[in-house]
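Peer 1: This is the structure I have questions about; it appears just below.
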Amino acid sequence: MNKEIIVVETEKMVREKLFNEQTGHDWFHIERVTKNAIEIGNKEGANLFVIRLAALLHDLADDKVVESEEKGLENIKSWLNLQKVSKTDADHIIRIIQTISYKGGNFKELETLEAKVVQDADRLDAIGAIGIARCFLYSGSTGGAIYDPDKEIRDKMSVEEYRNGSSAIHHFYEKLLKLKDLMNTKIGYEIAEQRHRYMESFLEQFHKEIGKQNTIY
Ligand code: ADP
Ligand code: NI
């Protein structure tokens, strides 16, 4: 099948599935990640067909969005099969989706340039102004506080602990401020640096307003 048609059909399917998603993984997240991924992938000379499909499908295996990761991956495989994506591309896309998720810092080695590009694109959407908005949205959707000064900032976490955040502000120190130095590509890093500074100034202002010194960085 024509690759452009496959991308358009996939877009339609994902848009319908994630339109009402409430934890910050909605269609607009997917749209931004796909746009970032194309921009970075273009500069890096990566396989844009694989990148676009992986970016579009990447959250359909997330355990926050579907009942289980295995079930999600099975559905993605069936979809790629139905669209007659070649086995090589389909295996590559599945591998990207399996390896890029953050989940509390339990890192997996990325095998291809395309995986690195999609991971960078996903991470960019977790930082900067968008990242701040998504963090509070996620926290609110799970009943978390804006800030709980009595809780410790955690370093290493299990997936379970990661999901039950200490508070939205804690999440900046437990994840969001770490992402800049974990970027894989040069252009990804450049965009991340600017977004990182924006989060730092937000946190500085936040601590100023609550009358506490921000001593973390
Ligand atoms: P990934 O898709 O890389 O696994 P997540 O699904 O864990 O990332 O996170 C998706 C979004 O929700 C991100 O913007 C992330 O920062 C935010 N988020 C995840 N866990 C928390 C938390 N405990 N508190 C606040 N925001 C969170
Ligand atoms: Ni995502």
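Just so you know, all these numbers are worked out from the coordinates, no wet-lab data involved. Only a predicted model underlies this, so the values are computations on that prediction, with no experimental measurement involved. Quick reminder, even Gly has a Cβ in these numbers, built from the backbone with ideal geometry, and neighbours come from all protein chains shown.
Peer 1: What percent do you get for the relative contact order of the range 151-214 when only Cα pairs under 8 Å and 6+ apart count?
Peer 2: So the answer I get is 20 percent.
Peer 1: Oh, and also: Calculated FRET efficiency, residue 129 and residue 163, Cβ-Cβ r, R0 30 Å, to nearest 0.05?
Peer 2: Taking R0 as 30 Å, the efficiency between residue 129 and residue 163 is 0.80.
Peer 1: For a test of the definition: using alpha carbon positions, the gyration tensor, and the 1.5 limit on a/c, classify the range 102-214 as rounded, prolate or oblate.
Peer 2: oblate
Peer 1: How about the range 109-217: which GluC sites (Glu not before Pro) there lie in a loop by DSSP and see at most 13 other Cβ atoms within 10 Å?
Peer 2: Of the GluC sites (Glu not before Pro), the ones in loops of the range 109-217 whose Cβ has at most 13 other Cβ atoms within 10 Å are 109, 111, 152.
Peer 1: Would you calculate a helix-derived [θ] at 222 nm for the chain, using -39,500 (n - 2.57) for each DSSP H run of n ≥ 4 and dividing by the full residue count, to the nearest 500?
Peer 2: Counting only the DSSP helices, I get -19500 deg cm²/dmol.
Peer 1: Tell me whether the chain comes out rounded, prolate or oblate; compute the Cα gyration tensor, take square roots of the eigenvalues as a ≥ b ≥ c, and use a/c under 1.5 as the rounded threshold.
Peer 2: Since a/c reaches 1.5 and a/b is larger than b/c, the shape of the chain is classed as prolate.
Peer 1: Let's test the formula: R0 of 25 Å, r as the Cβ-Cβ distance of residue 2 and residue 77. What FRET efficiency results, to the nearest 0.05?
Peer 2: For R0 = 25 Å, the calculated efficiency reads 0.75.
Peer 1: Between 151, 35, 77, where does the largest GNM mean-square fluctuation fall for the chain, given springs only between Cα atoms within less than 10 Å?
Peer 2: In the Gaussian network model the winner is 151.
Peer 1: Measuring from centroid to centroid over Cα atoms, what is the spacing of the range 132-166 and the range 35-80 in Å?
Peer 2: About 25 Å separates the Cα centre of the range 132-166 from the one of the range 35-80.
Peer 1: Sticking with this one: Past the 18 Å Cα-Cα mark, which pairs from 151/175; 3/71; 35/175; 178/212?
Peer 2: 3/71; 35/175; 178/212
Peer 1: Expressed as a rounded percentage, what relative contact order does the chain have, with Cα pairs under 8 Å and six or more residues apart?
Peer 2: Answer for the chain is 19 percent.
Peer 1: Rounded to whole Hz and in sequence order, give me ³J(HN,Hα) for the range 74-84 from the Karplus expression 6.51 cos²θ - 1.76 cosθ + 1.60, θ = phi - 60°, writing x for Gly and Pro.
Peer 2: 3J(HN,Hα) across the range 74-84, in whole Hz: 4, 5, 5, 4, 4, 4, 5, 5, 4, 7, 6.
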